[in-house]
Amino acid sequence: MSKTCCPNPAGAGVPAPTSLPCPENGARAKRVGLRTVKALVRHLPFRMPSTQYYFCEAPECDIVYFAADPSAPIFRRADLLVRVEPKEPGEDVPVCYCFGIARREIADELARTGRSSAAERIRSEVKAGRCACEVKNPSGRCCLGRIARAVEQLREASSRG
């Protein structure tokens, strides 16, 4: 996420909270850049307000983006151009949006080699300046944490069954 952020409803000079409860389920939602919202929402309304948005990642919740400002539009899964992981944990939903790495690819590599090189490949691409998390990942953040969790979950699942 960029260090500059859009104006927030709290007013000039007052930073927006880093998280807010989702209006639908109360789960903690993290701040996301307006650039991310604008890049991934299918149809933006005219006069889209420049306000701070939040990303709700709760799997059971249909809301993806909301703002503290009640007059700002709420965006749901169907409003986005991409499927949102972890809301849609299917094998073909990207875990890494910049490089198209999905759970299936990680699971296949684990089955073939006993390890996943996804994190190393992503780090290499990031180092080369080829990532675009802010405009490709619905969370607006780097995917490396999610990749590590996905690898661990898939390892656990394969050892159980």
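Rule-based calculations on the coordinates, nothing more; no lab input. Only a predicted model underlies this, so the values are computations on that prediction, with no experimental measurement involved. All Cβ positions, even for glycine, are placed from backbone atoms using ideal geometry, and neighbour counts span all protein chains on display.
The trypsin sites (Lys or Arg not before Pro) of the stretch 30-130 that DSSP puts in a loop, and whose beta carbon has at most 13 other beta carbons within 10 Å, are 42, 47, 115, 130. Here the Karplus curve 6.51 cos²θ - 1.76 cosθ + 1.60, taken at θ = phi - 60°, turns the phi angles of the stretch 43-51 into couplings of 10, 8, x, 4, 6, 4, x, 8, 9 Hz, with x standing for Gly and Pro.
In loop segments of the stretch 19-109 as defined by DSSP, the chymotrypsin sites (Phe, Trp or Tyr not before Pro) with at most 14 further C-beta atoms inside 10 Å of their C-beta are 46. Just to be sure I understand, if you calculate Cα extents along the principal axes in Å for this structure, which of [x] 53, 35, 27; [y] 102, 43, 32; [z] 49, 35, 28 do you get? Derived directly from the coordinates: [x]. Residue order for 14, 37, fewest other beta carbons within 10 angstrom first, comes to 14, 37.
Residues 84, 64, ranked from the fewest to the most other C-beta atoms within 10 Å, line up as 84, 64. Straight-line cross-link reach from residue 136 at under 17 Å between alpha-carbon atoms covers these aspartates and glutamates, not counting any fewer than eight positions away in the same chain: 57, 79, 85, 88, 92, 125. Using the Karplus relation 6.51 cos²θ - 1.76 cosθ + 1.60 with θ = phi - 60°, the per-residue 3J(HN,Hα) values for the stretch 127-143 come to 4, 7, x, 10, 9, 8, 3, 4, 10, 10, 8, x, 7, x, 10, 5, 8 Hz, with x marking Gly and Pro. Once the Cα-Cα distance is subtracted from the 0.36 nm per residue extended length, the residue 92 to residue 159 segment shows a gain of 22.0 nm.
Working note: Karplus 6.51/-1.76/1.60 with θ = phi - 60° gives the stretch 111-121 the couplings 5, 6, 10, x, 8, 10, 9, 4, 4, 5, 5 Hz, where Gly and Pro are set to x. Each Lys and Arg adds +1 at its Cβ and each Asp and Glu adds -1 at its Cβ; summed about the Cα centre, the stretch 94-160 shows a dipole of about 60 debye.
In this structure the amide hydrogen of residue 29, modeled in the peptide plane, comes within under 5 Å of the amide hydrogens of 20, 22, none closer than 5 places in sequence on its chain.
Rounded to the nearest 10 degrees, the inclination of helix 144-160 to the longest alpha-carbon principal axis of the chain is 40 degrees. Site pair residue 60 and residue 132 shows an inter-label distance of 3.6 nm when each label is modelled 7 Å from Cα along Cα→Cβ.
Rounded to the nearest 20 Debye, what is the dipole magnitude of the chain about its Cα centre when Lys and Arg each give +1 and Asp and Glu each give -1 at the C-beta? Numbers along the way, then the final one.
Numbers: 26 positive and 18 negative charges, 94 e Å.
That gives a dipole near 460 debye.
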